[in-house]
Amino acid sequence: MTEHGTVAHGELKEALPVETRISPGAARIMEINRDAIEHPNEFWSKVASELYFSERTGPAFEEIKEAPYGRWFAKWKTNLSYNCLDRWIGTETQHKVAFYWEGENGDQRTLTYLQLYREVNRMASILETAGVKAGDRVTVYMPMIPEAIFTMMGIVRLGAIHSVVFGGFTAQALADRINDSKSKVVVTADGGWRRGKIVELKKIVDQALAQTPTIEKVIVVKRTAQPVEMTEGRDVWYHDAVKGAADYVAPVMVEGTHPSYILYTSGTTGKPKGACHSTAGYMVWLYYTTNAVFNITPKDLFWCTADIGWVTGHSYIIYGPTLRGATSLMYEGAADFPAWDRWWDNIEKYGVSILYTSPTAIRGFIKQGEKWPEKHNLSSLRILGTVGEPINPEAWNWYYRVIGKSHCPIVDTWWQTETGGIMISPQPGIATYPLKPGSGTLPLAGVDAAVVDEHGKELPRAEKGLIVIRRPWPGQFMTLWGDHQRYEQVYFSKFPGFYYPADFCYRDTDHYFWLLGRADEVMKIAGHRIATTELEDILIMHPAVAESAVIGKADEIKGEVPVACVILKPGHTPSPQLRQELLDHVRNNMGPIAVPSQIYFVEKVPKTRSAKIMRRLIRDVVEERPLGDVTTLEDETSVEEARRAYNELKAQIDKART
């Protein structure tokens, strides 16, 4: 760390005084960004020239008058599976490990690119036998096992469209997604392991299919070997079907705008939003961003800790690394099973050099103390990354110091399901420049990001506002499946012509972007707008606090007042003195306007399975009202999980009130 609170990439020499001038590396990144914005055809055609296209007709980019205001590689033809696999066959890369797989129960598998290629072809053959053809939708409801990779790549090999549903969803959530996509086949497993217990996936599928008339076949992978019901004529065991599968299925070459997948994300109504991504634009974006952000070399072992049910898993477990011929680790289980050092054991065992995870996971590790990572040799690590939410500076510094041993740069990435890949991040694969804990730094090539006020007027640097993307980029999603009108209304109506991510942001004097959380998670206190994440970061700065969750509670005078749930680090106990100390801490670091009206000391806060805080649920508890409709909570949250979390938090807060 430098006296300016920055850390430089690469050799991590003392950083430039970043508040006085732009570093050469940052200037280089900004130059590339402008070039891609001003000359999209030339820039992205050159990137795409490194990938395989069976036809290259017309421009790489063409403007259109309606949302999303651009089309990418519309008349070019390619296949995503071909570029991830076939392109490596006959080269030295075919013998390179594509994936090491670690099961929660200790099972292990190693797949070279050649082995992966063969397995994907066999899965494509099974799907083809089941009647899947180009344009058909296939729902994938699986644990984190290699067969999930075979399935996703086998689907796009046929020119079909996958809809991956997270294995923690309920039968109703699964049925809703199957019906919206009108899938004809489901690929699942008998079960999956989670913290030593079996999640009965096949049973959940059977319950869902009572409501899904379009499903014709169910392919079932044996993972846990517990008894399951198999419906004759509909259900097929994968291990039986693969015996007669063909070793090669010709990849179907599709137009660049042909859909590759649908991924459902949360919305403000009961109906989930099916973000639909292209083939070529998405592929080219991942090919570029995987290199720019992670700087993966032939010697690296990359580990993205996400689930395949989320876009991070799609982009940076399945497709991005294989497009680059990289070696990845795929892990099935939880971070704390059988103990809190499982991740650190994996890093030591496999020699992980690039770790990509979430700030919430990091804060969870902080609460457990440094003893767990100190038990393991983490010297193989070279780059650390974060995804999913803004990372507070305290978590950033702990990650840098304890996990990276003060020599690994941190790529703090901002992006969304809808963007397809990383949009704002440090880019050690392109240039080195100073880092600032908590900032995503600079946009990637072609990302025309700006910070605007409520009327769409660009704000001067160092003023808080809303982030927008003013130009199309290759990875952008094309529509919401079956509902283009909703697509235009949700993402393009607030600021016509601009993509609106609904995130709060500011840009500092060095042009660095600081993402501050969802715009709908901003409290309005006596006319002042304060982001919940900003106040959470202030609380986490206190040495006693491991984690915090802040919501705005309705107030007759101020409109809203902050209320905080605080989780303490080991060695600290709740007390009136500590509560007052935290209130004073907020007052001194943010001002009287932000001081919480109440602080509750709790053991945990309710989160989704992807570790996002369920603030609406907390608000129901704090405002002492019964739990309302939970069908529109984050998609990965089941109704049962939300009710259980609500009751647990209510008991904790009731105890604190007394």
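Mind listing just one residue for me: the one in segment 586-608 that is surrounded by fewer than 19 Cβ atoms within 10 Å (Cβ to Cβ) and out of contact with any strand residue (DSSP E or B) (no Cβ under 6 Å at 6 or more places or on another chain) and, of those, nearest to Lys558 (Cα to Cα)?
Taking segment 586-608 and keeping what is surrounded by fewer than 19 Cβ atoms within 10 Å (Cβ to Cβ), we get 587-593, 597-598, 603-604.
Checking the rest, the ones that are also out of contact with any strand residue (DSSP E or B) (no Cβ under 6 Å at 6 or more places or on another chain) come to 587-592, 603-604.
On the way: Arg587: 17, Asn588: 20, Asn589: 21, Met590: 17, Gly591: 15, Pro592: 13, Glu603: 29, Lys604: 28 Å.
Per the criteria, the residue is Pro592.
Which numbered condition in (1) more than 30 Å from Pro501 (Cβ to Cβ); (2) touching a helix residue (DSSP H, G or I) at 6+ places or on another chain (Cβ under 9 Å); (3) surrounded by 20 or more Cβ atoms within 10 Å (Cβ to Cβ) is the only one that Leu201 fails?
Against the list (1) more than 30 Å from Pro501 (Cβ to Cβ); (2) touching a helix residue (DSSP H, G or I) at 6+ places or on another chain (Cβ under 9 Å); (3) surrounded by 20 or more Cβ atoms within 10 Å (Cβ to Cβ), Leu201 comes up short only on (2).
If I filter segment 159-166 for residues that are modelled with pLDDT of 95 or more, surrounded by 20 or more Cβ atoms within 10 Å (Cβ to Cβ) and farther than 25 Å from Thr305 by Cα, do I get at least one hit?
From segment 159-166, those modelled with pLDDT of 95 or more are 159-164; that's our starting set.
Imposing the further condition that a residue be surrounded by 20 or more Cβ atoms within 10 Å (Cβ to Cβ) reduces the set to 159-164.
From what's left, farther than 25 Å from Thr305 by Cα: 159-160.
The answer is yes; a qualifying residue exists.
Can you pull out the residues in segment 311-326 that are more than 17 Å from Thr357 (Cα to Cα) and among the polar types (S, T, N, Q)?
Thr322 - this is the single residue of segment 311-326 that is more than 17 Å from Thr357 (Cα to Cα) and among the polar types (S, T, N, Q).
Please go through segment 533-569 and give me each residue that is assigned to a helix (DSSP H, G or I), at pLDDT below 85 and among the β-branched types (Val, Ile, Thr), ordered by number.
Thr533
Determine, yes or no, whether Ala246 is hydrophobic (A, V, I, L, M, F, W, C), assigned to a loop (DSSP other than H, G, I, E, B) and touching a residue at least 60 places away in the same chain (Cβ under 8 Å).
yes
Please state which one of Thr573, Thr637 is outside any helix (DSSP H, G or I) and at pLDDT below 70. So that I can check it myself, show each step before the final result.
Values: Thr573 fails: at pLDDT below 70.
The unique qualifying residue is Thr637.
Just to be sure I understand, how many residues within segment 211-254 are among the aromatic types (Phe, Trp, Tyr) and surrounded by 19 or more Cβ atoms within 10 Å (Cβ to Cβ)? Spell out the reasoning first.
As a first pass, look at segment 211-254 and keep what is among the aromatic types (Phe, Trp, Tyr): 237-238, 248.
So of that shortlist, the ones also surrounded by 19 or more Cβ atoms within 10 Å (Cβ to Cβ) come out as 238.
Selection size over segment 211-254: 1.
Considering only helices (runs of 4 or more DSSP H) fully contained in segment 314-412, which possess at least 2 residues that are surrounded by fewer than 22 Cβ atoms within 10 Å (Cβ to Cβ), aromatic (Phe, Trp, Tyr) and out of contact with any helix residue (DSSP H, G or I) (no Cβ under 6 Å at 6 or more places or on another chain)?
Because the criterion is at least 2 residues that are surrounded by fewer than 22 Cβ atoms within 10 Å (Cβ to Cβ), aromatic (Phe, Trp, Tyr) and out of contact with any helix residue (DSSP H, G or I) (no Cβ under 6 Å at 6 or more places or on another chain), no helices (runs of 4 or more DSSP H) in segment 314-412 meet it.
Answer with yes or no whether Gln427 is outside any loop (DSSP other than H, G, I, E, B) and out of contact with any Asp or Glu (no Cβ under 7 Å at 6 or more places or on another chain). Give the derivation first.
Numbers: outside any loop (DSSP other than H, G, I, E, B): no; out of contact with any Asp or Glu (no Cβ under 7 Å at 6 or more places or on another chain): yes.
Criteria not met by Gln427.
Can you tell me which condition Arg137 does not meet? The list is (1) surrounded by fewer than 22 Cβ atoms within 10 Å (Cβ to Cβ); (2) basic (Lys, Arg); (3) touching a helix residue (DSSP H, G or I) at 6+ places or on another chain (Cβ under 8 Å), and all the others hold.
(1)
Taking Ala531, is it under 30 Å from Ser23 (Cα atoms), surrounded by 20 or more Cβ atoms within 10 Å (Cβ to Cβ), under 27 Å from the mean Cα position of the chain (by Cα) and small (Gly, Ala, Ser)? Let's see the steps before the verdict.
Working: under 30 Å from Ser23 (Cα atoms): yes; surrounded by 20 or more Cβ atoms within 10 Å (Cβ to Cβ): yes; under 27 Å from the mean Cα position of the chain (by Cα): yes; small (Gly, Ala, Ser): yes.
So Ala531 fits the description; yes.
When the residues of segment 575-607 are filtered to those that are over 17 Å from Met541 (Cβ atoms) and in contact (Cβ under 8 Å) with a residue 60 or more places away in the chain, which remaining residue is farthest from the chain's Cα centre (by Cα)?
Out of the qualifying residues, it is Ile593.
The values are calculated or read from the model by the stated rules, or taken from the named source; none is laboratory data. Only a predicted model underlies this, so the values are computations on that prediction, with no experimental measurement involved. So basically every Cβ, Gly included, is an ideal-geometry build from the backbone, and we count neighbours across all protein chains shown.
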